[in-house]
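The structure appears right after this line, and notes come after that.
The values are calculated or read from the model by the stated rules, or taken from the named source; none is laboratory data. Keep in mind the model is a prediction, meaning the values are calculated, not measured. Don't worry about glycine lacking a Cβ; one is built from the backbone with ideal geometry, like all the others, and counts go over all protein chains shown.
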Amino acid sequence: MARPRSAPDLYLLSKVSTLYYLHDQTQQEIADRLRISRPTVSRLLQEAQEQGIVQITVAPPRGLHIELESRLEERFALSAVHVVDVDDAHPPSTLLRQLGAAAAGYLARTLQPNSAIGLAWGTTLSAMVQSMAPMATDGVHVVQTLGGIGPPAAEAYAAELVRRLAQLLGAVPVLFPVPGVVATTEVRDVLRNDPHVQTALRYFDRLDTVYVGIGSIESNPVLNDGHSFPAGTLESLTSAGAVGDIALRFFDAQGAPVKTALDEHILGITTQQLRRASRVVAVAGGPGKVDAIHAALKADIVNVLITDQDTAEELARR
């Protein structure tokens, strides 16, 4: 017959807890002082929590949203969410800067030596690079994962983001010197065989972290400018149910890939390659992006989300 468990020694529980939590004494110091073993001190501290003698609270500073982040991490099976606090009264450019600064901070905290970072392009990733402070790294490569789109200046800008980030990190830039969308599959195949393009393509299968934006069909500037894509592209994607894209790989409201003729004309990382990356960090937020972000989180591509409070709260409600 098992021996009944003795009643807790409330005095001893309170004494040990006070010395540990209020007087900053180590468990070994408490053990020596009270003439008990260190494992006993550890057990008593645990029991003090179970008895309600010790109640631990965490009070994040104003402007942090740890609970909201945890809810989104659990709901969408994300490894990390960072929610940016932005005043509604500020213009969209402030939101962009805040998202970029948060993404730059995340990159600086998590960057490992000898890693390959993939970089798509867009306004949020441009803001990230602008916010990045110089830091020393070892053996890092920054890889352009999507060709340029639009006029020559825009195409050059995609490569410039990679060069600038590589310069800030003391890393090696790996450029993808092609347009993002080409007229025919024959042109696509010829460009893929270029030695410089082949170098970037080989990296696409072994990226450690990829930083991406999330585009919305309704607000994507290159889809709606009338000249970056073939005529009828927007209508075709809308008819197929597309709501957003990551690196020009489109998906519907449930996160399923949307296949159109456009896929055969894109030069950039594929959805399968994104899924093979160890980590995909999406930096996106603001009005008009909630549907696209919600769908992207269902697509099993994104591991880390950096967004704003309003967007995060709307995602949590869905």
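Tabulated values for the structure
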item: Qualifying positions in the stretch 97-126 - in a helix (DSSP H, G or I) and without any contact (Cβ under 8 Å) to a residue 60 or more places away in the chain; result: Arg97, Ala101, Ala104, Gly105, Ala108, Arg109, Ser126
item: Failed item in (1) more than 22 Å from Arg275 (Cβ to Cβ); (2) in contact with a strand residue (DSSP E or B) (Cβ under 7 Å, 6 or more places away or on another chain), with Gly170 passing the rest; result: (2)
item: Filtered residue count, the stretch 263-278, keeping only those that are in a helix (DSSP H, G or I) and within 20 Å of the chain's Cα centre (by Cα); result: 6
item: The listed residue being farther than 23 Å from Gly244 by Cα, modelled with pLDDT of 95 or more and either of a type in the set (Gly, Ala, Ser) or surrounded by fewer than 17 Cβ atoms within 10 Å (Cβ to Cβ) (or both), out of Ala166, Ala159, Ala136; result: Ala166
item: Flag if Val212 is surrounded by 14 or more Cβ atoms within 10 Å (Cβ to Cβ) and within 15 Å of Val302 (Cβ to Cβ); result: yes
item: Qualifying positions in the stretch 238-262 - more than 14 Å from Gln272 (Cβ to Cβ), touching a strand residue (DSSP E or B) at 6+ places or on another chain (Cβ under 6 Å) and either part of a helix (DSSP H, G or I) or among the small types (Gly, Ala, Ser) (or both); result: Gly241, Ala242, Gly244, Ala253
item: Candidates Asp291, Asp308, Asp300 - the one that is more than 15 Å from the chain's Cα centre (by Cα), touching a residue at least 40 places away in the same chain (Cβ under 8 Å) and more than 27 Å from Arg188 (Cα to Cα); result: Asp291
